[in-house]
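Undergrad: One structure is given below, represented as structure tokens, and several questions about it will come after.
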Amino acid sequence: MANVLITGANRGIGLALTQQFIKRNDTVFAVCRHPSPELEKSGATIISGVNMTEPAGFQRVQEALGKNTIDILINNAGVLGNETINDMDCNRMMYQFQVNALAPVVFTQFLLSQLAQHAKIVMITSRMGSMADNGSGGYYGYRMSKAALNAGAVSLANDLKASGFSVAILHPGFVQTDMVGGAGDVSAEQSAQGLVERIDQLSIDNTGTFWHANGDVLPW
């Protein structure tokens, strides 16, 4: 059994991941701003009132963890904007950078002392952060923030390898969540099952790899 910490755990992919790990009898620390009824029923230990853009939220998580160590840290919390060439809202784009790119990297650094030996660090990213895969343009803030997250995750993989920590950079697929208005081609449960399989396969040997939840290695 493992201790798993998941951010953005109140709905969508985060909730589905929480439910998957609970089914495996792992202990899940579910971090969110406001717990949903589904999360409250999940059996997870909920750490609520956490805004991932505020250092006070990180401290709240650390205090709630106490002496518990984390075997799997999943940075899942994220936001999606839809900027176009004719509509670039800088404030909205900066907020996406704060939540999608900066917060996961800084949060990971903040919790390094509470990671267990051979811990796994997971960044839930998007293939929309891939340069090679961008054939449609648009979504400026989201694409740029996820590309920045990918870069930060690769640096973490390199810097933490000697400490025995491995890093996965995972695209969940086009998932049917509130973030995309229910569109998508896989359910949150299906996505979470694939993500858990990728996390199980993560090791020092493949740290820093950019994977699709279905197992495909994605281009940068």
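The values are calculated or read from the model by the stated rules, or taken from the named source; none is laboratory data. The structure displayed is predicted, hence computed values, not measured ones. Positions of Cβ are backbone-derived with ideal geometry, glycine not excepted, and every protein chain shown enters the neighbour counts.
Undergrad: Answer with yes or no whether residue 87 is acidic (Asp, Glu), exposed (fewer than 14 other Cβ atoms within 10 Å of the Cβ) and either touching a helix residue (DSSP H, G or I) at 6+ places or on another chain (Cβ under 8 Å) or farther than 21 Å from residue 159 by Cα (or both).
TA: Here the answer is yes, as residue 87 does meet what is asked.
Undergrad: Now, a different point. Under 7 Å by Cβ, and 6 or more places apart or on different chains, what pairs join a residue from the range 1-22 that is under 10 Å from residue 44 (Cα atoms) and of a type outside the set (A, V, I, L, M) with one that is at pLDDT 95 or above and not in a strand (DSSP E or B)?
TA: 18/9; 18/39; 18/42; 18/44; 19/42
Undergrad: Contact list please: Cβ distance under 7 Å, first residue in the range 168-179 and within 14 Å of residue 211 (Cα to Cα), second residue in a strand (DSSP E or B) and at pLDDT below 95, pairs at least six apart or on different chains.
TA: Sorted first by the residue in the range 168-179, then by its partner, the pairs are 173/186; 174/186.
Undergrad: Looking at 106, 167, which one is part of a helix (DSSP H, G or I) and either under 18 Å from the mean Cα position of the chain (by Cα) or at pLDDT below 95 (or both)?
TA: 106
Undergrad: Within the range 78-93, does at least one residue satisfy the condition of being farther than 23 Å from residue 148 by Cα and among the β-branched types (Val, Ile, Thr)?
TA: Scanning the range 78-93, I find no residue that is farther than 23 Å from residue 148 by Cα and among the β-branched types (Val, Ile, Thr), so the answer is no.
Undergrad: Another question, if that's okay. Of the residues that sit in the range 131-147 and are surrounded by fewer than 19 Cβ atoms within 10 Å (Cβ to Cβ) and touching a residue at least 24 places away in the same chain (Cβ under 8 Å), which one is nearest to residue 56 (Cα to Cα)?
TA: So, considering only residues that are surrounded by fewer than 19 Cβ atoms within 10 Å (Cβ to Cβ) and touching a residue at least 24 places away in the same chain (Cβ under 8 Å), the one nearest to residue 56 (Cα to Cα) is 144.
Undergrad: Condition first: modelled with pLDDT of 95 or more and touching a Phe, Trp or Tyr at 6+ places or on another chain (Cβ under 8 Å). Now tell me which residues in the range 186-206 satisfy that.
TA: Within the range 186-206, 196, 198 qualify.
Undergrad: Select from the range 184-204 the residues that are assigned to a helix (DSSP H, G or I) and of a type in the set (D, E, K, R) and write down the one among them that is nearest to the chain's Cα centre (by Cα).
TA: Filtering first and then ranking leaves 198.
Undergrad: Mind listing just one residue for me: the one in the range 53-79 that is assigned to a loop (DSSP other than H, G, I, E, B) and not hydrophobic (A, V, I, L, M, F, W, C) and, of those, surrounded by the fewest Cβ atoms within 10 Å (Cβ to Cβ)? Show your work before the answer.
TA: So the first thing to find is which residues in the range 53-79 are assigned to a loop (DSSP other than H, G, I, E, B), and the list is 53-54, 66-69, 76-79.
Next, only the ones that are not hydrophobic (A, V, I, L, M, F, W, C) stay: 53-54, 66-69, 76, 78.
Working: 53: 13, 54: 12, 66: 7, 67: 5, 68: 14, 69: 13, 76: 24, 78: 26.
The extreme case among them is 67.
Undergrad: Anything in the range 14-34 that is of a type outside the set (D, E, K, R) and either part of a helix (DSSP H, G or I) or surrounded by fewer than 20 Cβ atoms within 10 Å (Cβ to Cβ) (or both)? List them, or say none.
TA: Residues of the range 14-34 of a type outside the set (D, E, K, R): 14-22, 25, 27-32, 34.
Once the filter is applied, which keeps residues that are of a type outside the set (D, E, K, R) and either part of a helix (DSSP H, G or I) or surrounded by fewer than 20 Cβ atoms within 10 Å (Cβ to Cβ) (or both), the range 14-34 yields 14, 15, 16, 17, 18, 19, 20, 21, 22, 25, 27, 34.
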